[in-house]
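Nothing in this text is a laboratory measurement; each read-out follows from the coordinates by a stated rule. It should be emphasised that the depicted structure is a prediction, and the values quoted were computed from it without experimental measurement. A quick note on method: Cβ atoms are made from the backbone with ideal geometry, for glycine too, and the neighbour counts reach across all protein chains shown.
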Amino acid sequence: MLFSEVLDSMQPQGEGWTAQAGEDWTQGRSLFGGLQAALCVKAMRAALPGLPPLRTLQTAFVAPVPPGAVRLCARRLRQGKSAVQVEARIVDGEATLCLALGVFGAARPSAVRLAPPPPAPAQDPDARVLPYWPGVTPAFTQHFAMRWLRGGLPFQGARQADQLIEMELRDPAPLGEAQVLAFADVIPPIALSWLDKPAPGSSMSWMIELYAERFDHLPPRGWRFDAQLVAAADGYTSQTGTLWAPDGSAVALSRQSMVVFA
């Protein structure tokens, strides 16, 4: 299934919703975290039609979300004049598998305006491509193309703390906030590139801030992610990064807490 097809599969069920996601969207035992977050945001908008643009999203990956039927619920926590805070969960019975808190905010007049400067052009004819190897690389990566313009691929023993990755989503559907969430979560933990042999790694929590209100005018290719490994110890890592649209504009700021089992 394409990314957009998984999103479109979400249907009301009882007091929540159910979506269908196949094995091709897994990373290890769980569904791709960017897809989990995107489904949570779609459930938020289904619960409260007319929400303003998404400004921030905080996600806790509590337990593996298996492929198949994904059950979601959402509720409003608070609504003010401009901002609305909404909670969504992926659940299995009474157990919470993924918990997301979204803050949606309408635009307001402000004397403060600052945009991150465009990144320097980066072209590397020797850029390394992450291939899709069934049974080796996560299944969901078959839906993306990724080229490393700076930094090392996973398990290459490249002890470099920063990476620059060019990305493409293999889906012809128009882009929206859901696809931006996927782009911002698609890269592997940078710490995996420090290792010289395969080992599992996963996200524990993730926070993303969106700078733009619409994305449907942008193509699915030519996206870039500048990522930095900020700290790592005792199997836990922190990394941050900026997502850049193909037109050079900054789209999102991401920060993740991850665990590496090595």
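What the table shows:
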| read-out | value |
| --- | --- |
| Over region 53-125, relative contact order from alpha-carbon pairs under 8 Å, at least 6 apart, % | 34 |
| In order through region 159-175: 3J(HN,Hα) via Karplus (6.51 cos²θ - 1.76 cosθ + 1.60), integer Hz, x for Gly, Pro | 7, 10, 7, 10, 9, 10, 10, 9, 10, 9, 9, 7, 7, x, 5, x, 7 |
| Projected area averaged over orientations for the chain, convex hull of C-alpha atoms, nm² | 14.3 |
| Separation of the VAL259 and VAL62 label points, Cα + 7 Å toward Cβ, nm | 1.6 |
| Value of Rg to Rh for region 102-193 (Rh from inverse mean 1/r over Cα pairs, i.e. Kirkwood) | 1.04 |
| Calculated from backbone phi, Karplus (6.51, -1.76, 1.60) coupling profile of region 48-53 in Hz, x at Gly/Pro | 9, x, x, 4, x, x |
| Area projected by the alpha carbon convex hull of region 1-127, averaged over all directions, nm² | 11.1 |
| Check: the chain dipole with +1 on Lys, Arg Cβ and -1 on Asp, Glu Cβ, in debye | 660 |
| R0 of 25 Å, Cβ-Cβ distance LEU77-ARG214: FRET efficiency to nearest 0.05 | 0.50 |
| Long-range amide H partners of TRP223 with built H, under 5 Å | MET167 |
| Residues with amide H under 5 Å from that of VAL70, placed H, sequence gap 5 or more | ALA19, GLN20, ALA21 |
| Region 155-262: GluC sites (Glu not before Pro) in DSSP loop, at most 14 other beta carbons within 10 Å | GLU213 |
| Region 195-207 - phi-based ³J(HN,Hα) in whole Hz, Karplus 6.51/-1.76/1.60, Gly and Pro as x | 8, 9, 8, x, 7, x, x, 7, 7, 9, 9, 8, 10 |
| Three-way shape call for region 13-56 based on the alpha-carbon gyration tensor, with the a/c threshold at 1.5 | oblate |
| Histogram of C-alpha separations across region 50-206, 5 Å bin width, % | 2, 7, 12, 15, 17, 16, 13, 10, 6, 2, 0 |
| Area projected by the alpha carbon convex hull of region 128-262, averaged over all directions, nm² | 7.6 |
| For the chain: relative contact order, % (alpha-carbon pairs under 8 angstrom, 6 or more apart) | 18 |
| Net length gained if the chain between ASP24 and ALA107 were fully extended (0.36 nm per residue, minus Cα distance) | 26.1 nm |
| DSSP loop trypsin sites (Lys or Arg not before Pro) with at most 16 other Cβ within 10 Å excluded, longest remaining stretch of the chain | 30-80 |
| Overall form of region 215-261 per C-alpha gyration tensor (a/c, 1.5; a/b vs b/c) | prolate |
| Per-residue [θ]222 nm for the chain (sum of -39500 (n - 2.57) over DSSP H runs n ≥ 4, rounded to 500) | -3500 deg cm²/dmol |
